[in-house]
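FYI, it's all coordinate maths here, none of it is from the lab. Nothing here was measured: the structure is a model prediction, and the numbers come from that model. Neighbour counts run over all protein chains shown; Cβ positions are idealised from the backbone, glycine included.
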Amino acid sequence: MPRNREKDFTLRSLNNMPVSIDDYRVAPWRQTYVNTTIDFRRWLFVGRPALTEAGSSLPDNNCEINPLVHAGRDSIVEAIRNSVWHIPSVEAITKGAYCHLGLTIWFEYLDYRDAAGQPVYELAEINREVILGFIQWLKFTKEADTENGRLSHVSAQGRFSNLKAVLQYLVRQGALPEGLFPRNPFPNIDRATVGHKPYPKKVMTALMAAFYQDIKAIRQGTLHLNESDVLALYLLTIAARTGRNTTPLLELTRDAVLPHPIKPDKLGLLVTYKRRGRKASVQPFEKPQEIEDMISLPMDALTLYREAVSMSELLVSEAPQGVRNRLWLYRKTRAYSGNVVALTDKTMYGVVKRLVKRHGLTQDGKPLQLNISRLRKTFAQRIWQLSGGDLIATAEHLGNDPKVAGQSYVAVTPEMVANFRRLGILMHADWAGKLDDLSFLEELARDTNIPTNILRDIAVGYNNTGVGRCTDPKNGANALGDGSLCTRWLECFHCPNQLVMESDLHRLFSFYFLLLKERNHISRENWDTLYAPIIQIIDEEIIVPNLRTKQNPRGCFDPYRVNKARAEAEVTPHRMWQDRAILGSVL
């Protein structure tokens with residue numbers, strides 16, 4: 001029996017010579033991400049000078065070639081170059097952001113340290129002190145084109161996060177030490193973030209009318225646009241109807257619609273995938289009826305999706321392998337090679353500008369800033385309003401958890417601010433032995449405009465709420481009106497049916513202190529505009545003006561009992577307001 005030959009697993013080059021594994025892992029100096037080439041050799045020199053492909057200095061505006069000043073940090077640049085190249089499961093656009101936003105400013109900081117006599121030359125010299133210095137430099141030293149000449153808190157945090165992603169890879173590889181980064185270098189950053197605003201109702205109505213007019217004209221054959229413009233228009237309309245994020249919509253596949261498991265004849269499911277969260281989101285939509293006249297097809301998400309599938313059907317075989325299953329395929333014009341490609345963010349930018357200009361869309365006298373993020377915010381706001389402030393329902397429609405939905409998507413609108421008024425009732429009454437006193441109840445009913453039978457229910461606690469009492473918990477101003485009890489206790493503070501009695505103060509102050517503790521969990525905009533007024537209302541409208549004093553003998557509340565209830569609530573809150581999780585159903 002012949003002996004088995006020993007196997008040789010050595011990698012070999014074209015000339016059959018062994019290849020060093022170290023050479024095999026070395027990344028190129030010039031790396032291209034989303035049509036932008038990053039030349040890492042520029043960071044070998046002070047000031048990141050422009051270089052030729054061969055690595056020599058380019059002439060400046062005066063056609064003079066300036067000498068290159070070597071920074072002496074070759075090992076750091078090489079390690080970071082290899083990290084960006086080898087970081088797994090990261091999209092090209094993200095790696096581009098690492099370079100443009102993180103590394104550019106990092107090496108600028110190293111130049112700053114070098115000029116200050118504190119150079120960092122070797123990878124081993126990058127320690128916690130260097131990182132803390134970088135954070136402080138971002139916050140207080142780095143110059144920027146802003147009103148105060150410094151980076152905003154949010155911009156500084158964004159630059160740091162992009163650098164950290166690269167250095168963290170080196171930590172995992174053992175090239176940098178553990179514990180390099182502080183736990184929370186930018187505290188309360190969520191409260192400092194000012195995100196996109198939802199569109200006002202008037203603007204959104206005009207925008208949807210523009211979508212409808214264009215799609216109708218395309219179906220009728222009276223509007224002729226580039227293939228990319230048509231697909232982008234359909235994508236924007238689906239975005240407005242579904243509230244999905246930009247990337248999941250751009251990456252919609254040709255099989256993203258599934259039959260509804262319970263009502264396949266009436267409903268369909270639109271499946272999107274959020275790559276960053278690594279989760280799929282499924283939304284049910286009504287199926288349109290089969291209509292032969294294409295022009296009169298309803299503009300719901302599933303109809304638009306199917307039209308887009310039909311438009312690009314013939315292009316699938318010509319599309320590159322990586323995007324062949326994408327929905328938004330189109331052929332570039334011959335001036336741009338005529339190849340079949342998929343929609344991208346850059347494509348959308350040009351389409352949006354043309355759409356806004358075509359319809360003269362404006363906001364506050366300026367051209368409308370149209371983007372999918374604002375459409376998502378508007379969708380979230382609409383769901384919030386239709387659900388009566390149900391944050392859990394809003395989060396489910398967005399594909400988020402309630403905390404993210406509350407902090408990032410449910411914004412305070414001018415309409416909400418205008419409607420936020422103190423409309424409740426305060427009452428002090430000595431009920432002892434008087435529930436059967438008809439004259440007492442009739443006098444109290446005249447003073448409060450509350451029927452006597454409801455006064456009895458209020459007195460015995462039938463109409464208690466989380467923050468007081470209600471004159472009509474089933475059919476009040478903010479009740480659902482279906483016979484169920486209203487539990488929208490946040491809205492009590494601008495509801496005409498709210499009523500507060502002295503015996504309710506412990507419950508009210510328990511809610512008060514829980515809200516105060518929530519300041520680090522609620523976005524600054526929501527706190528300052530919507531939640532802080534509740535604290536102000538309790539202090540300045542419910543308590544202080546209604547304390548019973550010599551100057552105000554008809555006050556509703558005894559100062560001693562108010563202070564006692566406040567102190568007890570802070571130490572031993574009412575069981576209803578002991579856990580912040582309950583806020584998810586009322587805020």
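Subtracting the Cα-Cα distance from 0.36 nm times the residue separation, let me have the gained length for VAL544 to ASP345 in nm, one decimal.
66.2 nm
Work out from phi, with θ = phi - 60° and the Karplus expression 6.51 cos²θ - 1.76 cosθ + 1.60, the ³J(HN,Hα) of each residue of the range 536-552, listed in order in whole Hz, and give x for Gly and Pro.
Residue by residue, the range 536-552 yields 5, 5, 4, 6, 9, 10, 8, 8, 4, x, 10, 6, 8, 10, 5, 6, 9 Hz.
Under unit Cβ charges (Lys, Arg +1; Asp, Glu -1), what dipole magnitude, rounded to 20 debye, does the range 21-187 have relative to its Cα centre?
My answer is approximately 540 debye.
Picking from CYS99, VAL120, TYR212, whose Cα lies most toward the positive end of the charge dipole for the range 78-225 (charges on Cβ: Lys, Arg +1; Asp, Glu -1)?
Of the listed residues, the answer is TYR212.
Using a simple spin-label model with points 7 Å from Cα along the Cα→Cβ vector, what separation in nm is obtained for THR141 and LYS564?
So the label points at THR141 and LYS564 sit 6.0 nm apart.
If each residue of separation counts as 0.36 nm, what is the full-extension length gain between GLU108 and ALA445 once their alpha-carbon separation is subtracted?
Net length gain for the segment: 114.0 nm.
Tell me, what is the FRET efficiency for GLN173 and ASN226 to the nearest 0.05, using R0 = 51 angstrom and their Cβ-Cβ distance as r? List each step's numbers first, then the result.
Working: r = 46 Å, r/R0 = 0.90.
Once rounded, the FRET efficiency stands at 0.65.
Can you pull the one-decimal nm distance between simple spin-label points at ASN520 and GLU318, each 7 Å off the Cα toward Cβ?
Each label point lies 7 Å from its Cα, and together they span 5.9 nm.
Scan around ILE38 for amide H atoms under 5 Å from its own, H built in the peptide plane at 1.01 Å from N, and keep only partners 5 or more places away or cross-chain.
GLN31, THR32, TYR33
Which order do TYR212, TYR531 fall in if you start with the one that has the fewest other Cβ atoms within 10 Å?
Lowest to highest Cβ neighbour count: TYR212, TYR531.
Would you kindly state how much longer the chain becomes between LYS202 and SER152 on full extension, computed as 0.36 nm times their sequence separation minus their alpha carbon distance, in nm to one decimal?
14.8 nm
Could you give me the ³J(HN,Hα) list for the range 227-232, computed from phi with Karplus coefficients 6.51, -1.76, 1.60 and θ = phi - 60°, whole Hz, x at Gly and Pro?
Values, residue by residue: 4, 5, 5, 5, 5, 5 Hz.
Can you sort HIS70, HIS494 from fewest to most other Cβ atoms within 10 Å of each residue's own Cβ?
Starting with the residue having the fewest Cβ neighbours, the order is HIS70, HIS494.
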